[in-house]
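Reviewing the structure listed below.
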Amino acid sequence: MSSLAFPVLLELKSSRRLSLFLLAIHGVAVAACLFTPWPLWGQALFLLLLAGNFFHARHCLARQPRQLILTENGSLYLDFSTGEQKPFASGNAPEDLCLARPRPGALALPWLCAFSWRGEEASGSGSLVLLSDSFSSDGADSLRRLNIWLSWKR
């Protein structure tokens with residue numbers, strides 16, 4: 001296990017387990033809808049809403065940041081760029097990084113990390129749900145470091 005030397009750089013990728021869970025939960029909802037005594041138009045409307053929800057959730061998963069940068073002062077930088085990785089030094093972050101603060105109420109479990117964030121300079125906000133396979137390298141260790149940082153930040 002590597003140390004928690006700052007800044008901590010965590011490379012992200014799309015989580016296959018989270019995508020499969022999303023597909024499974026929507027599949028269960030579709031199956032439940034088909035066995036309801038609702039009229040056909042009600043079932044069709046519900047299935048249309050489920051399909052819209054599924055594609056919206058997949059779109060949100062695809063827009064997650066490419067890299068998380070955790071700093072010693074409690075700041076969180078989110079890298080949404082798709083280009084070449086630029087070096088990061090505390091104090092002079094590249095322009096394409098989003099400075100954010102995690103909101104209170106983060107869920108940090110050994111297998112899951114979920115938290116909301118609010119942008120400092122821009123009015124952006126969002127939430128992240130990360131599993132151990134959401135990290136490019138050494139997922140369990142990266143998730144553990146993020147959980148420790150979030151607990152320390154609180």
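Structure notes:
- Of all residues in the range 67-95, those satisfying the criterion of being modelled with pLDDT under 75 and surrounded by fewer than 12 Cβ atoms within 10 Å (Cβ to Cβ) are THR82, GLY83, GLU84, PRO87, ALA89, GLY91, ASN92, GLU95.
- Residues satisfying the stated conditions in the range 20-49, i.e. surrounded by 15 or more Cβ atoms within 10 Å (Cβ to Cβ) and within 21 Å of the chain's Cα centre (by Cα): LEU22, HIS26
- Of residues in the range 116-151 being among the hydrophobic types (A, V, I, L, M, F, W, C) and more than 15 Å from ILE69 (Cα to Cα), the one modelled with the lowest pLDDT: ALA122
- Residues located in the range 3-34, provided they are out of contact with any strand residue (DSSP E or B) (no Cβ under 9 Å at 6 or more places or on another chain) and aliphatic (A, V, I, L, M): ALA5, LEU20, LEU22, LEU23, ALA24, ILE25, VAL28, ALA29, VAL30, ALA31, ALA32, LEU34
- Residue list for the range 1-58, filter: in a loop (DSSP other than H, G, I, E, B) and among the hydrophobic types (A, V, I, L, M, F, W, C): MET1, LEU4, ALA5, PHE6, PHE35, TRP38
- Selection of first residues in the range 137-149 that are on the phi > 0 side of the Ramachandran plot and of second residues that are in a loop (DSSP other than H, G, I, E, B), restricted to Cβ pairs under 9 Å at least 6 apart or on distinct chains, gives the following pairs, ordered by first then second residue: ASP138/MET1; ASP138/SER2.
- Within the range 47-71, residues that are touching a residue at least 60 places away in the same chain (Cβ under 8 Å) have Cβ atoms under 7 Å from residues that are among the acidic types (Asp, Glu) and surrounded by fewer than 16 Cβ atoms within 10 Å (Cβ to Cβ) in no pair, counting only partners at least 6 apart in sequence or on another chain.
The values are calculated or read from the model by the stated rules, or taken from the named source; none is laboratory data. Keep in mind the model is a prediction, meaning the values are calculated, not measured. Note that each Cβ is placed from the backbone with ideal geometry, even for glycine, and that neighbours are counted across all protein chains shown.
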